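See structure below.
The values are calculated or read from the model by the stated rules, or taken from the named source; none is laboratory data. Quick caveat, the model's predicted, so the values are computed rather than measured. Note that we place each Cβ from the backbone using ideal geometry, even for glycine, and neighbour counts take in every protein chain shown. With ligands, DNA and RNA removed, areas are computed over all heavy atoms of the protein, side chains included. Shrake-Rupley method; radii C 1.70, N 1.55, O 1.52, S 1.80 Å.
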Amino acid sequence: MEKQTMILTRKIQLLIDSRDQEVIKAAKDQLYNWQRICFRASNMIMSHHFVQEQVKDFFYLTEEIKLKIADEKKEESGILKSSRQNTTYRLLSNHFKGQIPTNILSYLNNTLISAFNKEKLAYWKGEKSLRNYKKNIPLPFGAEVISKLSHSPDGRNFCFKLFQIPFKTYLGKDRTDKKILLNRVLNGTLKLRSSHIQLDQGKIYLLAAIETEKEQHHLDTSVIAEASLSIEHPVTVKIGSHEHIIGNKEEFLHRRLAIQAAIYRVKKAVTFNRGGHGRKRKRKAWKIISIRKESILIISSMYIAAC
């Protein structure tokens, strides 16, 4: 059965809600320290689970050792002290306990294990390499750690606390639905799910995951849309007594000539491309742009036919 809800992700810039520069600096230093820990922890999680998945191939161990990646309390030959999912969480707790909130470690562990389980078959077939996480990894957290969500004094932004760090949104001249969605979260009509904090070039962003209901669109078979091609307007759509014009002659011809010029430049540069794998690699860019060429030719033929 198809889910009736979907997750919308919105990137919202955040500011430390304080006028004290020392508080702001301390909060940013703490966030960057957590990011460094998440970077180390992510690669540790993937490495340990990869080894656990492949340990059955360690055929060179002595026959007296019976290996089974399972909890020793549940399996006779199990070699783990807990479940596989809990092994990496305990590993992170031993290394980073007290340095980072456990909520972040928990959600990081769950997210990465889920990604690993989806891709482990591709790892085994050699179709995919093990994920390698970079230093700019976002910090995951559960919605339950956000507290005191409210409107800012100016009424244009929102304030909240995350791990006791005061934040304020910076929506600026936002013309999207971010403010509407946050208002609905504040009113309780929408739910905020596990989200992320991203640090990018000194700026802080909230990658807010908001659960909302899917819009149900019902097709009315009595409504018919007729599309026609003409010289002045590439496409004219007529629905009942209403007409909608798509594009214009100058824009269409300009785009067509731009694509033709791009194809010419790529063909001319093919000779100077790096080989590596011979003809296939040298012609890679030309092949990609040829697909665009075929698309524009189809549209052009339709346009010429209309003329």
Determine the share of the stretch 145-281's accessible area contributed by carbon and sulfur atoms, expressed in whole percent, with a 1.4 angstrom probe.
-> 53 percent
Proximal charge balance of Ala122 [Cβ under 15 Å; K/R count +1, D/E count -1] = +2
Distant-in-sequence amide H partners of Phe158 (H built 1.01 Å from N, under 5 Å) | Ser152, Thr169
Calculate, in nm to one decimal, what Thr189 and Glu251 gain on full extension: separation in residues at 0.36 nm each, minus their alpha carbon distance.
-> 18.0 nm
In terms of modelled amide H atoms, which long-range or inter-chain residues lie less than 5 Å from the amide H of Gln13?
-> Tyr170, Leu206
Restricting attention to the stretch 216-275, which GluC sites (Glu not before Pro) occupy a DSSP loop and are surrounded by at most 11 other Cβ atoms within 10 Å?
-> Glu232
If the limit is 32 Å between Cα atoms, which of Lys97/Lys120; Lys28/Lys148; Lys118/Lys268; Lys11/Lys97 go over it?
-> Lys118/Lys268
Using label points projected 7 Å from each Cα along Cα→Cβ, tell me how many nm separate Ile239 and Ser114, to one decimal.
-> 3.6 nm
What is the spread of the Cα atoms of the stretch 80-159 along each of their three principal axes, largest first, in whole Å?
-> 56, 31, 21
Once phi is turned into ³J(HN,Hα) by the Karplus curve 6.51 cos²θ - 1.76 cosθ + 1.60 with θ = phi - 60°, what whole-Hz value does each residue of the stretch 117-128 show in order, with x for glycine and proline?
-> 5, 6, 10, 5, 5, 5, 4, 5, 7, x, 7, 9
Hydrodynamic radius (Kirkwood) for the stretch 82-225, which is based on Cα pairs only, to one decimal in Å = 18.5 Å
Any idea of Asp200's accessible area? Nearest 10 Å², probe 1.4 Å.
-> 70 Å²
Lys and Arg at +1, Asp and Glu at -1: add these up for the other residues within a Cβ distance under 9 Å of Lys161 and post the number.
-> 0
Leu186 accessible area, assembled protein chains, probe 1.4 Å, Å² = 60 Å²
Karplus (6.51, -1.76, 1.60) ³J(HN,Hα), θ = phi - 60°, over the stretch 150-162, in Hz, Gly and Pro reported as x = 7, 6, 6, x, 6, x, 9, 10, 10, 10, 6, 10, 10
10 Å beta-carbon shell around Lys191, net charge (K/R +1, D/E -1) | +1
